[in-house]
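Contents: one structure, followed by commentary.
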Amino acid sequence: MNNFILFLIILIALALVALIYRLIKGPTVPDRVIALDSIGVSIIALVGLFSIYVKTSFYMEVALLLAILSFIGTIAFSKFIEKGDIIDRGDSD
């Protein structure tokens, strides 16, 4: 079972390398946002697999925190792409 988990960790790490390439060389900004979101999901999966590998539940809290931060980051990037401003102060000139 441990060999299978290690295989999955290596596989996700290779996917992270491909996602980092897409983040850097992405042709458009939405491609980069999707790559960044996918990197967040992959890191959460890595933390979860590592937690199973070392047989502790402490890292699941870290994975939950990363999921929340990844969600907030995706929403902020999406709003920036749509409106060009993340925080709307309500003052229209």
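The values are calculated or read from the model by the stated rules, or taken from the named source; none is laboratory data. Predicted model, so just to flag it, every value in this text is computed and none were measured. FYI the Cβ positions are ideal-geometry reconstructions off the backbone, even for glycines, and counts take in every protein chain you see. The protein model used for the area step is the full one, side chains on, heavy atoms only, and it has no ligands, DNA or RNA in it. Shrake-Rupley method; radii C 1.70, N 1.55, O 1.52, S 1.80 Å.
Residues in the stretch 50-62 that are of a type in the set (S, T, Y) and not in a helix (DSSP H, G or I) were compared, and the one that is farthest from the chain's Cα centre (by Cα) is T56.
Of the residues making up the stretch 73-86, those that are open to solvent by 70 Å² or more (accessible area, probe 1.4 Å), β-branched (V, I, T) and at pLDDT 70 or above are I75, I81.
Among the residues examined, R22 does not qualify as outside any helix (DSSP H, G or I), among the basic types (K, R) and open to solvent by 90 Å² or more (accessible area, probe 1.4 Å). Screening I81 on (1) touching a Pro at 6+ places or on another chain (Cβ under 9 Å); (2) assigned to a loop (DSSP other than H, G, I, E, B) shows it passes everything except condition (2).
Take V33 and tell me if it is assigned to a helix (DSSP H, G or I), in contact (Cβ under 8 Å) with a residue 24 or more places away in the chain, of a type in the set (A, V, I, L, M) and open to solvent by 40 Å² or more (accessible area, probe 1.4 Å). Against the criterion (assigned to a helix (DSSP H, G or I), in contact (Cβ under 8 Å) with a residue 24 or more places away in the chain, of a type in the set (A, V, I, L, M) and open to solvent by 40 Å² or more (accessible area, probe 1.4 Å)), V33 does not qualify. V47 falls short on exactly one of the conditions (1) open to solvent by 70 Å² or more (accessible area, probe 1.4 Å); (2) within 15 Å of the chain's Cα centre (by Cα); (3) more than 30 Å from I87 (Cα to Cα), and that condition is (1).
Tell me yes or no: at least one residue of the stretch 63-78 is in a helix (DSSP H, G or I) and closer than 22 Å to N2 by Cα. The answer is yes, given that some residue of the stretch 63-78 is in a helix (DSSP H, G or I) and closer than 22 Å to N2 by Cα.
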